[in-house]
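Remarks on the structure that follows.
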Amino acid sequence: MSDHYERVKIELQQMKEVENEAAADEEQLSPATASSIPADVSFTARRDLSRSSVNGRSRSKSRSKSRSKADGHERQVNGKQLADPTAQKSDSSQGQSRVSNEPNLHIKGTARLLKSKTAANGHVESCLRHTDGKCEHHGKEDGRKAVKKRRGVTVDTSKAKTSLEALKMSIRQLKWKEFPMGRRTACDIYWHGVSFHDNENIVSGQVNKFPGMIEMLRKINLSRAVRTMHELFPEEYNFYPRSWILPEEYQLFSTQIRLLKDNDSTLKPTFIVKPDSGSQGDGIYLIRDPADLRVISGAQIKQAVVQDYIQKPLLIDKLKFDIRLYVLVRSLEPLEIYIAKEGLSRFCTEPYQEPSQKNLSHVFMHLTNYSLNVHSGNFVHSDSCSTGSKRTFSSILYRLASKGVDIKKVWSDIIALVIKTVIALVPELKVYYQADIPPGKPGPTCFQILGFDILLTKNLKPILLEVNANPSMRIEHEQEVSPGVFEYVPSPVDEEVKVGVIRDTLRLMDPAQRKQHAT
Ligand code: ADP
């Protein structure tokens with residue numbers, strides 16, 4: 001069904017009935033750590049202030065009387081008053097203190113690597129076989145497979161914006177029908193470039209954006225959501241750098257860092273400051289002291305996140321790099337996630353050194369954003385997947401494997417990180433969803449491709465940097481054709497990865513598939 005995706009299936013249930021306190025206590029006794037979660041993930045969690053853990057599989061179900069009145073909890077989204085089906089989640093606008101009064105959350109999850117007959121790890125494996133650094137293009141082959149099950153699915157591409165090129169290619173390969181100017185009658189799939197609301201008044205079909213996703217993935221909201229889970233499940237949610245929200249936590253940040261330095265004068269921590277709604281490295285800077293924060297811009301106090309800077313990233317060719325992975329949220333209820341087996345690695349263009357007062361402002365050394373590094377004279381455009389400043393993730397895994405790294409463990413740690421991050425976001429997303437698509441009213445269903453940005457530390461631990469609601473699906477890259485003049489030229493690496501992701505997303509969202517899946 002899908003060559004590019006790992007399938008991950010998760011169910012979240014609110015436990016309204018907790019009858020047996022003793023059985024519930026027992027659940028804490030053997031907490032699982034992230035590293036013990038293999039490709040198969042199965043855990044049960046209770047969300048409550050006094051007890052918090054994500055436990056290993058085959059826990060007994062707790063049964064006891066409801067201990068909370070929070071079922072009737074109400075909140076507002078987009079000015080609408082809603083009965084909150086997710087009252088167990090702390091309200092991000094009010095910090096984490098409400099969690100103690102909330103009912104328990106029961107999380108059941110399974111994540112399974114899809115194994116094809118020929119390759120243990122689908123696309124990754126097939127790329128790993130190439131030692132000459134050239135990646136095979138799977139497009140034609142996949143296209144042929146799709147022809148057999150052609151169903152003339154209709155796709156409205158009128159709002160696709162920068163993903164249009166890759167989308168067109170995918171639709172062509174699947175032999176589906178594209179409506180570039182929209183259609184009077186309903187389409188099966190609506191592909192939006194930015195948000196759920198790009199196209200109003202859709203009453204059926206499927207839209208490739210969830211309401212509220214952009215809001216939930218702003219840096220502050222993501223930090224809050226992951227932090228809430230970290231407070232409850234510290235062992236499980238230790239993949240996100242310690243963060244403070246500005247301006248409201250400025251005093252807290254200053255005090256904590258001053259105490260830290262007072263206790264150990266040899267400590268020289270570095271922090272990274274990121275504007276809340278920024279992207280592509282815009283406005284990001286490093287500091288070594290809270291006094292260096294540029295909190296005020298004009299008369300306005302800037303909203304931002306400041307977080308521990310990961311000082312010892314894994315380096316390849318002496319360069320820092322990050323990983324962009326594509327994750328499809330196919331459904332919120334039940335929660336269904338697919339993780340693309342192929343992603344991109346974006347490289348810095350100046351050799352890495354641990355931060356010092358001297359190099360703090362060297363963006364080409366510390367920030368891996370393509371949009372910044374492409375303007376460095378050292379940026380290397382390459383048609384190969386395993387060289388240059390943008391490479392496939394599988395080529396990195398291949399390289400690590402050749403050095404004896406256990407890449408299965410790296411991959412399963414990444415899968416666990418993705419699942420846990422999505423779990424942290426789901427309760428608020430469901431509230432947004434209900435506000436825009438109330439149950440019982442005609443409306444589309446939603447799915448969305450997210451862009452996870454992940455850094456590997458020197459010790460190969462994946463760290464979540466951010467999640468993009470609208471990851472770039474451009475298949476061209478900017479190239480300086482003459483001094484100071486940039487043009488978009490085709491990028492084989494982007495095409496290889498992004499067309500595969502979009503095509504497999506479409507295949508997974510094929511209405512006939514979905515019907516089959518539902519029965
Ligand atoms: P943006 O949305 O502007 O790209 P990111 O959060 O992705 O913001 O940060 C930009 C870049 O900064 C990342 O790609 C990464 O190279 C670097 N970076 C971000 N956070 C950290 C961190 N905590 N430690 C080390 N490097 C980081």
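The values are calculated or read from the model by the stated rules, or taken from the named source; none is laboratory data. The structure displayed is predicted, hence computed values, not measured ones. Quick reminder, even Gly has a Cβ in these numbers, built from the backbone with ideal geometry, and neighbours come from all protein chains shown. For accessibility, only protein heavy atoms count, side chains too; no ligands or nucleic acids. Shrake-Rupley method; radii C 1.70, N 1.55, O 1.52, S 1.80 Å.
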Would you be able to tell me the number of residues in segment 320-345 that are under 14 Å from the mean Cα position of the chain (by Cα) and open to solvent by 10 Å² or more (accessible area, probe 1.4 Å)? 1
One residue is enough: does segment 393-411 have a residue meeting the conditions within 16 Å of the ligand (Cβ to nearest atom) and either in contact with a Pro (Cβ under 9 Å, 6 or more places away or on another chain) or assigned to a loop (DSSP other than H, G, I, E, B) (or both)? no
Hey, any hits in segment 226-238 for a residue that's touching a Leu at 6+ places or on another chain (Cβ under 6 Å) and either crowded, with 20+ Cβ neighbours inside 10 Å or free of Cβ contacts under 8 Å to residues at least 60 places away in the same chain (or both)? no
Qualifying residue in segment 203-210 (condition: away from the ligand (no atom under 16 Å from the Cβ), in a strand (DSSP E or B) and farther than 22 Å from Val422 by Cα): no
Of all residues in segment 443-455, which are more than 15 Å from the chain's Cα centre (by Cα), modelled with pLDDT of 95 or more and either more than 30 Å from Ile189 (Cβ to Cβ) or of a type outside the set (S, T, N, Q) (or both)? Pro444, Cys446
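Conditions tested, residue by residue: (1) in contact with a Lys or Arg (Cβ under 7 Å, 6 or more places away or on another chain); (2) among the aromatic types (Phe, Trp, Tyr); (3) free of Cβ contacts under 8 Å to residues at least 12 places away in the same chain.
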{"position": "Asp264", "(1), (2), (3)": "no, no, yes"}
{"position": "Ile284", "(1), (2), (3)": "yes, no, no"}
{"position": "Asp289", "(1), (2), (3)": "no, no, no"}
{"position": "Leu293", "(1), (2), (3)": "no, no, no"}
{"position": "Gln303", "(1), (2), (3)": "no, no, no"}
{"position": "Val306", "(1), (2), (3)": "no, no, no"}
{"position": "Ile316", "(1), (2), (3)": "yes, no, no"}
{"position": "Arg324", "(1), (2), (3)": "yes, no, no"}
Within segment 359-380, can you find the residues that are of a type in the set (Val, Ile, Thr), open to solvent by 30 Å² or more (accessible area, probe 1.4 Å) and more than 13 Å from the ligand (Cβ to nearest atom)? Val380
Do any strands (runs of 3 or more DSSP E) lying entirely in segment 420-519 carry at least 2 residues that are buried (at least 18 other Cβ atoms within 10 Å of the Cβ), and which ones are they? 448-456, 462-468
Across segment 401-414, the tally of residues that are crowded, with 17+ Cβ neighbours inside 10 Å and touching a helix residue (DSSP H, G or I) at 6+ places or on another chain (Cβ under 9 Å) stands at 5
If Leu417 satisfies every condition in (1) open to solvent by 40 Å² or more (accessible area, probe 1.4 Å); (2) in contact (Cβ under 8 Å) with a residue 12 or more places away in the chain; (3) in a helix (DSSP H, G or I) but one, which is the exception? (1)
Note down all Cβ pairs under 7 Å where the first residue falls in segment 346-360 and is of a type in the set (Val, Ile, Thr), the second is surrounded by 14 or more Cβ atoms within 10 Å (Cβ to Cβ), and they're at least six residues apart or on different chains. Thr349/Phe364; Thr349/Asn373; Thr349/Ser376; Thr349/Phe379; Thr349/Ser389
Check Ser277, Ser356 and return the single one that is away from the ligand (no atom under 11 Å from the Cβ) and surrounded by fewer than 17 Cβ atoms within 10 Å (Cβ to Cβ). Ser356
Please work out which one of (1) more than 24 Å from Ser243 (Cβ to Cβ); (2) assigned to a strand (DSSP E or B) is the condition Glu342 fails and give its number. (2)
Go through Ile414, Ile449 for me and flag whichever is among the hydrophobic types (A, V, I, L, M, F, W, C), away from the ligand (no atom under 15 Å from the Cβ) and out of contact with any Phe, Trp or Tyr (no Cβ under 8 Å at 6 or more places or on another chain). Ile414
I need a count of the residues in segment 322-341 that are closer than 27 Å to Ser386 by Cα and more than 14 Å from the ligand (Cβ to nearest atom). 7
Let me confirm something: among Leu315, Leu344, Leu319, Leu293, which residue is within 15 Å of the ligand (Cβ to nearest atom), over 27 Å from Val499 (Cα atoms) and in contact with a Ser or Thr (Cβ under 9 Å, 6 or more places away or on another chain)? Leu319
Checking Asp317 against (1) out of contact with any Cys (no Cβ under 7 Å at 6 or more places or on another chain); (2) surrounded by 14 or more Cβ atoms within 10 Å (Cβ to Cβ); (3) closer than 24 Å to Val405 by Cβ, which single condition isn't satisfied? (2)
Tally the residues that are open to solvent by 40 Å² or more (accessible area, probe 1.4 Å) and of a type in the set (Val, Ile, Thr), restricting the search to segment 381-398. 1
For Lys261, which of the numbered conditions (1) closer than 17 Å to Tyr309 by Cβ; (2) within 15 Å of the ligand (Cβ to nearest atom); (3) not polar (S, T, N, Q) fails to hold? (2)
If you check Val481, Val485, which single one turns out to be out of contact with any strand residue (DSSP E or B) (no Cβ under 9 Å at 6 or more places or on another chain), free of Cβ contacts under 8 Å to residues at least 60 places away in the same chain, of a type in the set (Val, Ile, Thr) and more than 19 Å from Ile423 (Cα to Cα)? Val485
Val431 fails exactly one of (1) away from the ligand (no atom under 16 Å from the Cβ); (2) closer than 20 Å to Arg391 by Cβ; (3) among the aliphatic types (A, V, I, L, M), namely (2)
Any pair with Cβ under 7 angstrom, 6 or more apart, that starts in segment 370-390 at a residue that is over 18 Å from Ile475 (Cβ atoms) and ends at one that is β-branched (Val, Ile, Thr) and within 16 Å of the ligand (Cβ to nearest atom): Leu372/Val363; Asn373/Thr349; Ser376/Thr349; Asn378/Thr349
Hey, Pro180 touching a strand residue (DSSP E or B) at 6+ places or on another chain (Cβ under 9 Å) and open to solvent by 50 Å² or more (accessible area, probe 1.4 Å) or not: yes
